[in-house]
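Notes to accompany the following structure.
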Amino acid sequence: MTAVVSASEEKPVGRSMAEVWIITVGHALTHWYPATFYILLPLIGAEMGLSYGQIGMILTAQYAAGALSNLPGGMLVDSVGRKGLLMAAALFWIGVPYFIMGFSNAYWVLLLCSALIGIGNNLWHPAAIPWLGRRYPERKGLVMAYHGMGGNVGDALAPLAAGALLTSFAWMTWRDVVFMNIVPGVVMATIILWSLGKMTTEPKRADAKPGAKSEQKSMSEVLHALPSLFRNKTLVFLSSSSAFRSMTQNGIMTFLPLYLAKELGYNPWWVGLCMFLLQAAGFIAAPIAGHMSDRVGRRNVIMSSMVMTGLVLAMMFFAGGTPLFVMFVALLGFFLFAIRPVLQAWLLDATPKGLGGTAIGAMFGIQAAGSAIGPFFCGLIADKWGLLATFWFLAFTIILANLLVFFMPQQPGDSGKAA
């Protein structure tokens, strides 16, 4: 299953990071759309008279569709050479359904568009993450962190911008915000298509070593490799742990704005600010965690961050409606979002060459299953016992994520060195 390393992987560690920044900005926009939507959910729910369970189901539809389509999407990525084209298509596909939502008053349209977003989103990560990992193998954890920081920036600035718009302009509705969102995504998709559309991780013929074997696989080769890939214990344990982490993350992203708006009485600006603090802390933590994982090992960083996440969630429950609650929100973001790039780098360490897209697709598919379950169960819990009770449930899910990593067999990726 091992292929000869491509010429692009043998370039010096000090190579230009321009490609990383382009993809990072694109990743920021893939998160900008849903992060804006989280802030709009209380307004949408109030306008349409939705219960907490129905609001949670909107996000559940998105992640359920992603769970079903991520693995096929990853296999498609591994069998298609033009990764830049796939990234541009993914970014466009994510934005358009949100635009359509702005025209609808029907709940079923929200569910359908949310599912379409889940399908489109599966193309981005299997294309971008292995592409970065193979072009920057010695700094895999760090470039995964930069890519993850893009997601944190989108998640942080979008609610802040949406909250500011809705608070500053009395005439503006949630539909106006959704319509405005389409512009930056289309612009960035065009930039990615122009700059990276023809690029792959494969070496040019003139640069290839004599006898070098291409890492590009056909769809039949990818299908043939699937059984051995799913026998990879690292993939199974990391993906399962990541599913519980994503359940925690998306439960928080969905119901924290509702708690701040309904229980604490915050206006959209303050809700957006709190969500900004959550993501900004993750933005700071991601490069630290990624760099440390390259040096001291993936397992050590993940275990430390997950333990702290569980403790902070418990403290949030006891803080209740006090000002300390907002401080714990920022602490939560620092520990919860820091480990996302580390999990991805660890998975790529243990994945055979040429199957990175399929492995990432599998991980994100399993993650999406957890993400789909999280908002739905949080909605049911909130309807029965109140919004604050959801944080006890989310603390339990992060404990399960910890246990899966703790009991995972030692693997070469634990060392943090590029595989």
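The values are calculated or read from the model by the stated rules, or taken from the named source; none is laboratory data. Source: prediction; values computed, not measured. All Cβ positions, glycine included, derive from the backbone under ideal geometry; neighbour counts span all protein chains shown.
Mind checking which residues of the range 53-66 are within 15 Å of the chain's Cα centre (by Cα) and surrounded by fewer than 23 Cβ atoms within 10 Å (Cβ to Cβ)?
The one that is within 15 Å of the chain's Cα centre (by Cα) and surrounded by fewer than 23 Cβ atoms within 10 Å (Cβ to Cβ): 64.
Looking at the structure I just gave you, is residue 94 within 14 Å of the chain's Cα centre (by Cα), crowded, with 20+ Cβ neighbours inside 10 Å and under 13 Å from residue 182 (Cα atoms)?
Numbers: within 14 Å of the chain's Cα centre (by Cα): yes; crowded, with 20+ Cβ neighbours inside 10 Å: yes; under 13 Å from residue 182 (Cα atoms): yes.
Yes, satisfied.
Out of all the residues in the range 279-297, which are surrounded by fewer than 19 Cβ atoms within 10 Å (Cβ to Cβ), among the aliphatic types (A, V, I, L, M) and more than 16 Å from residue 153 (Cα to Cα)?
Once the filter is applied, which keeps residues that are surrounded by fewer than 19 Cβ atoms within 10 Å (Cβ to Cβ), among the aliphatic types (A, V, I, L, M) and more than 16 Å from residue 153 (Cα to Cα), the range 279-297 yields only 296.
Can you confirm whether residue 382 is over 21 Å from the mean Cα position of the chain (by Cα), at pLDDT 80 or above, assigned to a helix (DSSP H, G or I) and farther than 30 Å from residue 87 by Cβ? Please lay out each step first, then the result.
Values: over 21 Å from the mean Cα position of the chain (by Cα): yes; at pLDDT 80 or above: yes; assigned to a helix (DSSP H, G or I): yes; farther than 30 Å from residue 87 by Cβ: yes.
Considered against the rule, which asks whether it is over 21 Å from the mean Cα position of the chain (by Cα), at pLDDT 80 or above, assigned to a helix (DSSP H, G or I) and farther than 30 Å from residue 87 by Cβ, residue 382 comes out as yes.
Return a yes/no flag: does the range 127-147 have any residue that is outside any helix (DSSP H, G or I) and either without any contact (Cβ under 8 Å) to a residue 40 or more places away in the chain or out of contact with any Cys (no Cβ under 8 Å at 6 or more places or on another chain) (or both).
Let us first name the residues in the range 127-147 that are outside any helix (DSSP H, G or I), namely 136.
With the extra rule that they be either without any contact (Cβ under 8 Å) to a residue 40 or more places away in the chain or out of contact with any Cys (no Cβ under 8 Å at 6 or more places or on another chain) (or both), the set shrinks to 136.
Within the range 127-147, one or more residues are outside any helix (DSSP H, G or I) and either without any contact (Cβ under 8 Å) to a residue 40 or more places away in the chain or out of contact with any Cys (no Cβ under 8 Å at 6 or more places or on another chain) (or both).
Out of the range 300-359, which residues are among the charged types (D, E, K, R) and in contact with a helix residue (DSSP H, G or I) (Cβ under 6 Å, 6 or more places away or on another chain)? Outline the logic, then answer.
Initially, the range 300-359 is screened for residues among the charged types (D, E, K, R), giving 340, 349, 353.
Answer for the range 300-359, where residues must be among the charged types (D, E, K, R) and in contact with a helix residue (DSSP H, G or I) (Cβ under 6 Å, 6 or more places away or on another chain): 340, 349.
Can you pull out the residues in the range 106-119 that are of a type in the set (Val, Ile, Thr) and modelled with pLDDT of 85 or more? First the steps, then the outcome.
Applying the first criterion (of a type in the set (Val, Ile, Thr)) to the range 106-119 yields 109, 117, 119.
Across the range 106-119, the qualifying residue is only 109.
Report, by residue number, each residue of the range 64-105 that is at pLDDT 80 or above and not in a helix (DSSP H, G or I).
Residues satisfying the conditions are 102, 103, 104, 105.
How many residues does the range 31-52 hold that are of a type in the set (S, T, N, Q) and assigned to a helix (DSSP H, G or I)?
From the range 31-52, those of a type in the set (S, T, N, Q) are 36, 51; that's our starting set.
Retained after the next criterion (residues that are assigned to a helix (DSSP H, G or I)): 36.
Of the residues in that region, 1 qualify.
Quick check on my filter: what residues within the range 56-106 are among the polar types (S, T, N, Q) and either in contact with a Ser or Thr (Cβ under 7 Å, 6 or more places away or on another chain) or in contact (Cβ under 8 Å) with a residue 60 or more places away in the chain (or both)?
Restricting attention to the range 56-106, the residues satisfying the condition of being among the polar types (S, T, N, Q) are 60, 62, 69-70, 79, 104-105.
Residues satisfying the conditions are 60, 62, 69, 70, 79.
Can you tell me which of 332, 336, 394 is closer than 22 Å to residue 282 by Cα, buried (at least 22 other Cβ atoms within 10 Å of the Cβ) and at pLDDT 80 or above? Break it down stepwise before answering.
On the way: 332 fails: at pLDDT 80 or above; 336 fails: at pLDDT 80 or above.
Criteria check complete, one pass: 394.
Of all helices (runs of 4 or more DSSP H) completely enclosed by the range 188-297, which ones contain at least 3 residues that are of a type outside the set (Asp, Glu), within 17 Å of the chain's Cα centre (by Cα) and at pLDDT 80 or above?
Values: elements: 219-230, 233-258, 268-296.
Once the helices (runs of 4 or more DSSP H) in the range 188-297 are filtered for at least 3 residues that are of a type outside the set (Asp, Glu), within 17 Å of the chain's Cα centre (by Cα) and at pLDDT 80 or above, what remains is 233-258.
Here is a check on your reading of the model: is residue 161 modelled with pLDDT under 80, aliphatic (A, V, I, L, M), surrounded by 16 or more Cβ atoms within 10 Å (Cβ to Cβ) and within 30 Å of residue 329 (Cα to Cα)?
Against the criterion (modelled with pLDDT under 80, aliphatic (A, V, I, L, M), surrounded by 16 or more Cβ atoms within 10 Å (Cβ to Cβ) and within 30 Å of residue 329 (Cα to Cα)), residue 161 does not qualify.
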